[in-house]
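Below is one structure; the comments refer to it alone.
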């Protein structure tokens, strides 16, 4: 399957890549496209505890502001400094270099499959 | 975002299929499905500042006013002295309520002795047409809403004149002699097209009014012949006008706003003879402590947006104003905002702060516009 098909997703248009007990999180191309040119990304500090479903940061474009939600309970192990310095990475490579945070977790909740997310965003 | 399929009653521009083919992202604006961007807001904004952008503004309202009393009627219905506008000249004006507030801001083109074209905002079309019809009662003048028959294209940017001159089928106009806020009726493939040197971006540019069924050919020719011309959507239109310090109805202007509060006192011609709607209220003016429109600039990348509170520099909880428009300026690289603030903190250089979603960002009052093009 493709990279994107192997990821899991949330209804808030985030993708989640699971490696053991760590989840890498970003926003999908669908969300990045709706936002437009991203000009600022506000991320939590490494070490911060996060609770599933709560807002942990913001992505701001010229026209609007999107919230970043934690898809899992856990704590932030790494923040993508490159995307803070170059927010346009969210637009140019949302599934790759535009990743946002890495979170360590103890339990993974049920997330959407690629097929379920695609159905959600079908227009 | 809505698509035309989700909102069956949403109006479509005559150019809709072309926007779809160009990959535009759409938004609902005043009941119309219009392009918000084609590629990137920033790229389209920069294109207008450095070359030229092509906007579809067919959602806007065009109202024809004709008849022997047309000049006197418009002097009564609007804030300015439209009877003094020469043939081929255009004038920015305001449609006021009896209480002196703003129903709409408009551009009026004088086409003849008894012939005017009023261009109003799409969102205020119904209110504007109704106001004109009511106010025309005792005048020998006819008000006709021709919006659905008219398409409006705007070419804006330093290369806009070269773009128009490159279209061989656009004839009957010497663009070099068409001055700012002047208009002429030219021809495109046999169709009359009103070309005006007007715009909403702070750059040199032209607005072209043509019959809706001829708009597609004009759009195609402009893009085919205009070197460096790119289609641009409503997102870039908003950042361009904000940098240029131009008000947007529903943000800086409303029925609760006096022109004088928005820095538009000179648009109300109190010296014109005869009564006009809103005269008494305009003569009295707003209260001495009424908020006034200012520009705000800040550092960093987070702009205050419409509705965000403006506070004193020390963050005192009592708001001193409210942001009406704001964005990270693509051309200037820092946040720019328009806001209504208490008159005592409206002096340029005054340090204030903007509450950006709970974070206080220091800001400073700056004169408008934020950006002026090189002449």
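Any read-out appearing in this document is the output of simple, stated calculations on the displayed coordinates, not a laboratory observation. Values in this document were obtained by computation on a predicted structure and should not be read as measured data.
Each Cα pair of the protein assembly as shown feeds into the Kirkwood radius, which the Stokes-Einstein equation turns, at 20 °C and 1.002 mPa s, into a diffusion coefficient of 87 µm²/s.
Rounded to the nearest 500, the 222 nm mean residue ellipticity of chain A from helices alone is -5000 deg cm²/dmol, with -39,500 (n - 2.57) taken per DSSP H run of at least 4 residues.
For the range B:175-282, the equivalent ellipsoid derived from the alpha-carbon gyration tensor has semi-axes of 33, 19, 13 Å in decreasing order. Considering only alpha-carbon pairs that sit under 8 angstrom and 6 or more positions apart, the relative contact order computed for the range A:3-98 is 26 percent.
Counted over all Cα-Cα pairs of chain B, pairs farther apart than 36 Å make up 23 percent.
Relative contact order of chain B: 17 percent, from C-alpha pairs under 8 Å at least 6 residues apart in sequence. Apply the Debye scattering formula to the range A:3-98, with a single equal point scatterer on each alpha-carbon and no solvent, then give log10 I(q)/I(0) at q = 0.16, 0.18 Å⁻¹. After summing over all Cα pairs, the log10 values are -0.61, -0.78. Only beta bridges with both residues in chain B are counted; by DSSP, about 95 percent of them are antiparallel. Temperature 20 °C, viscosity 1.002 mPa s: under these conditions the Stokes-Einstein estimate for the range B:17-117, based on its Kirkwood radius over C-alpha pairs, is 132 µm² per second. Translational diffusion of the range B:122-173, estimated by Stokes-Einstein from the Kirkwood radius over alpha carbon pairs at 4 °C in a medium of 1.567 mPa s, is 89 µm² per second. Helical runs assigned H by DSSP (4 residues or longer) give chain B a calculated mean residue ellipticity at 222 nm of -5000 deg cm²/dmol, each run adding -39500 (n - 2.57) before division by the residue total. Panel note: the C-alpha atoms of the range B:241-290, placed on their principal axes, show extents of 36, 23, 16 Å (largest first). Secondary structure note: in the range A:3-98, about 100% of the DSSP beta bridges are antiparallel. Could you work out which residue, out of B:348, B:291, B:158, moves most in a Gaussian network model of chain B, that is, has the largest mean-square fluctuation with Cα springs under 10 Å? Most flexible of the set in this elastic network: B:348. Counting Cα-Cα pairs of the range B:267-375 in 10 Å increments starting at 0 gives whole-percent bin shares of 15, 40, 24, 17, 5, 0. Here, P(r) means the percent of Cα pairs in each 5 Å bin from 0 to the largest distance; for the range B:17-59 it is 6, 21, 29, 25, 15, 4, 0.
Put the Cα centre of the range B:298-375 next to the Cα centre of the range A:1-40 and the gap is 33 Å.
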